[in-house]
Every structure is written in structure tokens, then in C-alpha cells.
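Below you'll find the structure, written out as C-alpha cells, and then a few comments.
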Amino acid sequence: MGVNANAMIVPGNGTIFHAPKAVAFPSNPLTAFTLTGTPPEGWTNLGHTSRENTLGFSREGGEASSIGTWLADSTKTIYSSVAWGMSIPALQFDSDVLDMAFNGDFDPVTGGYIVPGQTAAIETQLYVLMQDNTGKLGFWIPNSEVTLGEPPSVNREQYLELPLTASINAADNDVIPAVDGRPGIMELFKTGLVAPTPTP
């Protein structure tokens, strides 16, 4: 497309929304989701996350290896499987964040939150919204499993974090269409991003 300053974004502010996997994703996410407004039906804003440590994507695998034959070297390149993930430095100690971190339950006697010794991940869909004064950038992840990552650590001068980690799994083909047989794992939305016109 060439030089386009409007295609860039500084993610100065952002938040993360979550919903059960069966909840509908809006057709106009950059308009339907706002940082502090009411989210679409069935979706919940995870609230405050750390400004210092910020959200981060991870990608492991995908290493290239050349294989050959007795007749010829390096006849084909194969790639190892790829695993995507995301770290979420959550700050709010409320039921939504605690459930994602520990998948526990409240004690009806004490009112405290029970943390099981064996953690089971929560299956959910996520929508990450970032924005600056020029536009928005969103990542829709329809199939993820979220649990606690690293144990919380205490810093007297920063908010206490619950570091969540999300495994990003392949979406069903009727949710995100596969690309050349490769299952989709997320969709990206950007203000001003327009699909190219197909070549006749």
C-alpha cells in the first residue's frame, strides 16, 4: 500500500474484554467496544491492567528445518508447530480476575475466595482493545484458556498484579475461516484497515 502514517498506532491506553465462547462477537468491534463504556451483550471488561508491565503476546515454535533425499540436499523446508500465548497483568482483585487466575469459588461461611492447589484453566474468548488519538486496534481471540501465570510478587511502589496467562488456540472454521488450510487463531481490526479489492 505504500507509506501511510495513519496505519500506525501508539497503544497509549487499552483494556481486555472476555466472554463465554458461545457469546456472539459484534460485527463492528471497533465501534461496539470502548475503553470505559458498556460492552456488547455478554461481554465483560476485565478492567485495569498494569501500565508498567503491559500486555504481551508470545510465540513459540515455527523453527525451520531442511530435509533432503539421498539424491539431493535440502529438497524441502518444514516448520515445527507454533504455540501462541498472551500475558495479562491484571490488577483488579475481583471475582472475574480471581476466577481467571484460580478457577476457584467463594467460601459461603467466610466470604473469602478459595484458591485450589490444582489450577484448572478457564475457557473463554478475549478481545484486546488498544487506542490512541488517531484510532483503535483490536485483537479478537475466540478460543483461549486463561489461568494464573507467574505467582504474584510484591512491589511497595506499584499495584499488586495477578499475572494471567492465556493460551491462544485454533478457532473453529465457522468462527474464523482457515487460510489455505491453516486454522485461524485470531482476527485483527484497525481503524482505516480495508480489505484489498480482489483481482479479477
Strands (runs of 3 or more DSSP E) within region 11-87 that include 2 or more residues among the small types (Gly, Ala, Ser):
13-19, 56-61, 64-67
Only one of Ala83, Ala166 that is surrounded by 11 or more Cβ atoms within 10 Å (Cβ to Cβ), within 16 Å of the chain's Cα centre (by Cα) and modelled with pLDDT under 95:
Ala83
Being among the β-branched types (Val, Ile, Thr) and under 25 Å from Gly56 (Cα atoms) is the requirement here; does Thr110 meet it?
no
Taking region 1-47, which residues are out of contact with any helix residue (DSSP H, G or I) (no Cβ under 7 Å at 6 or more places or on another chain) and among the β-branched types (Val, Ile, Thr)?
Val3, Ile9, Val10, Thr15, Ile16, Val23, Thr31, Thr34, Thr36, Thr38
Would a scan of region 167-184 turn up a residue that is touching a residue at least 24 places away in the same chain (Cβ under 8 Å), part of a strand (DSSP E or B) and over 22 Å from Leu98 (Cα atoms)?
no
Of the numbered conditions (1) of a type in the set (S, T, N, Q); (2) closer than 20 Å to Ser27 by Cα; (3) without any contact (Cβ under 8 Å) to a residue 12 or more places away in the chain, Thr199 satisfies every one except a single condition; which is it?
(2)
Take the residues in region 130-163 that are within 27 Å of Val23 (Cβ to Cβ) and among the hydroxyl-bearing types (Ser, Thr, Tyr), then tell me which one is nearest to the chain's Cα centre (by Cα).
Ser144
Cβ-Cβ distance below 9 Å, separation of 6 or more or different chains: which pairs start in region 47-76 with a residue that is on the phi > 0 side of the Ramachandran plot and end on one that is surrounded by 10 or more Cβ atoms within 10 Å (Cβ to Cβ) and β-branched (Val, Ile, Thr)?
Gly47/Thr15; Gly47/Ile16; Gly47/Val97; Gly61/Val82; Gly62/Val82; Ser74/Ile67
Run Thr119 past the list (1) part of a loop (DSSP other than H, G, I, E, B); (2) loosely packed, with under 13 Cβ neighbours inside 10 Å and report the number of the one that doesn't hold.
(2)
Filter region 122-155 for residues that are in a strand (DSSP E or B) and free of Cβ contacts under 8 Å to residues at least 40 places away in the same chain; the one that is surrounded by the most Cβ atoms within 10 Å (Cβ to Cβ) is Ile122
Quick check on my filter: what residues within region 9-35 are β-branched (Val, Ile, Thr) and modelled with pLDDT under 95?
Ile9, Val10
Given the residues Ala90, Ala171, which is the only one that is closer than 23 Å to Glu41 by Cα, touching a Ser or Thr at 6+ places or on another chain (Cβ under 9 Å) and modelled with pLDDT of 95 or more?
Ala90
Under 9 Å by Cβ, and 6 or more places apart or on different chains, what pairs join a residue from region 79-99 that is farther than 15 Å from Phe17 by Cβ and in contact (Cβ under 8 Å) with a residue 40 or more places away in the chain with one that is acidic (Asp, Glu) and surrounded by fewer than 16 Cβ atoms within 10 Å (Cβ to Cβ)?
Ala83/Glu60; Trp84/Glu60; Gly85/Glu60; Ser87/Glu150; Pro89/Glu52
Quick count over region 103-117, residues being in contact with a Pro (Cβ under 9 Å, 6 or more places away or on another chain) and farther than 29 Å from Pro183 by Cα, is 2
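The values are calculated or read from the model by the stated rules, or taken from the named source; none is laboratory data. Note that the coordinates shown come from a computational prediction; the quantities given were computed from them, not determined experimentally. Positions of Cβ are generated from backbone atoms using ideal geometry, with glycine treated the same way; all protein chains shown enter the neighbour counts.
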